[in-house]
Amino acid sequence: MNLEEMRKKVAEIVAKLQSFDSVENYSDEDLKTINSLNDEFVSLKSNIEAKEKIESIKATASAPVRKTTPAPRIEVTPSRLENNMGFESFGSFAKAVSNKAKGLIDPRFQNTAAYEKFAKDGGLLIPTDFMSEINTKVQGDESLLSKCSVYTVSGNALSLPVDEAAPWSGGIQTYWVSEGNTITESKGALKLAHWRLNKLAALVKATDELLEDAPALESYIKSRAPSAIMHKINDAIVNGDGSGKPFGILNSGFKVSVAKESAQTADTIVYKNIVKMEAVHIPSANSVWLAHPKCREQLRQLKDDNGNAIYMNGGSFPNLASAGFDTLMGKRVIYMMGAMPTLGDEGDLILCDLSYYNMIIKGGVKQDISTHLLFDKDQTAFRFIQRLDGSCPYTAPVTTQYGSYNMSGFVTLAARA
């Protein structure tokens, strides 16, 4: 066949495949036909590309050679379609994934880079632009993940040096060295901390009607999946027991718990609690308060010994707090709908600097892609997989250089029962 005949044949194959769009349940014969057409399409496409290259070489070889002024070099960036494997929207990509589970393989999936390598899930990597939009929501303003020290890994584990005596150093030793002298290395308190990836799965169910409407499918998945993943990660960062999930700050040996005041009423928070929590917290511009929503009423009424409010609302006092943010003693307060123990239990209020919490995330073919999309044939649902692990690498509170005063990046208020 010549090029024109091949192109005509490709158009015929596409038309035949489109005739299957309205079929709800494919028979064995349908699947056999679809796979046969797909194989023929791939073969024709390869032959067309080869013939086009030959024609191009022949044309170049026969063209007269003449000297010309070199044209200015123009850098061409990949188009959105190229970044997204040829899909115009996340909805159309998701619909193609669901069709794949029925045996109808979209030609755009012929690119092997679309498949996650060396993973038992065998999922399809979400295209770059679509993944960026999802990651933006997973690591949004409510996310604790965005406040942690995050490392993207290509393998399944990571080991890092840590300094128990000076956790703020990040495991890096520094020295004053006189001119001409060599550095005398000191082992100090350095040790290795280890992380191994766990798997977090989110299942987003979709009706048959939703599967037929690509724009609606896109809106539904983008609103549900990132939010569910974010809240699950938040819970693990606070409460995780390390069994198949990250190890949370409430279970960390690095944590310091401040005792309640003598005769303090059950389920209350008082000014002296806040002062003492700040006193044992390692000073940091990254510090925030995490709180159960039921703490809000009491926190807003807290005053120091001179009757001054120590809580500021961003809406009422925009000059004293970032726009829309509530602050307690000048530090932002984040109310968590999940993860936080209820008012009166330890952990209902936490002062923390999450840069002391390390998180590793697994990338796919590209390291900025960490979530994969699969279609679950048994449940008509989209499954998102994110691989990560996290914990605080420090096993005990740090002692100050002078005065032997225990401090930590994670401070809680003991139970007030």
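The values are calculated or read from the model by the stated rules, or taken from the named source; none is laboratory data. A quick note: this is a predicted structure, and the numbers were derived from the prediction, not measured. With ideal geometry, Cβ positions are generated from the backbone for all residues, glycine too; neighbour counts draw on all protein chains shown.
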Checklist entry - Pick from 197, 217, 203: which is farther than 21 Å from residue 152 by Cα, assigned by TED's automatic domain parsing to the domain that holds residue 139, surrounded by fewer than 19 Cβ atoms within 10 Å (Cβ to Cβ) and not aromatic (Phe, Trp, Tyr)? => result 203
Next on the checklist: Checking the condition under 24 Å from residue 294 (Cβ atoms), modelled with pLDDT of 90 or more and surrounded by fewer than 19 Cβ atoms within 10 Å (Cβ to Cβ), which residue from 234, 273, 251 passes?
Outcome noted: 251
Item to check | Odd one out for residue 57, checked against (1) crowded, with 16+ Cβ neighbours inside 10 Å; (2) among the aliphatic types (A, V, I, L, M); (3) modelled with pLDDT of 75 or more | outcome: (1)
Item to check | Exclusive hit being part of a loop (DSSP other than H, G, I, E, B) and modelled with pLDDT of 75 or more, set 402, 394 | outcome: 394
Checklist entry - Given (1) at pLDDT 75 or above; (2) loosely packed, with under 10 Cβ neighbours inside 10 Å; (3) not hydrophobic (A, V, I, L, M, F, W, C), where does residue 79 come up short, assuming only one miss? => result (1)
Item to check | Matching option when the condition is at pLDDT 90 or above, surrounded by fewer than 22 Cβ atoms within 10 Å (Cβ to Cβ) and in the same structural domain as residue 304 (by TED's automatic domain parsing), among 413, 343, 354, 374 | outcome: 343
Item to check | Out of 225, 202, sole residue that is of a type in the set (Gly, Ala, Ser), part of a helix (DSSP H, G or I) and over 30 Å from residue 297 (Cβ atoms) | outcome: 225
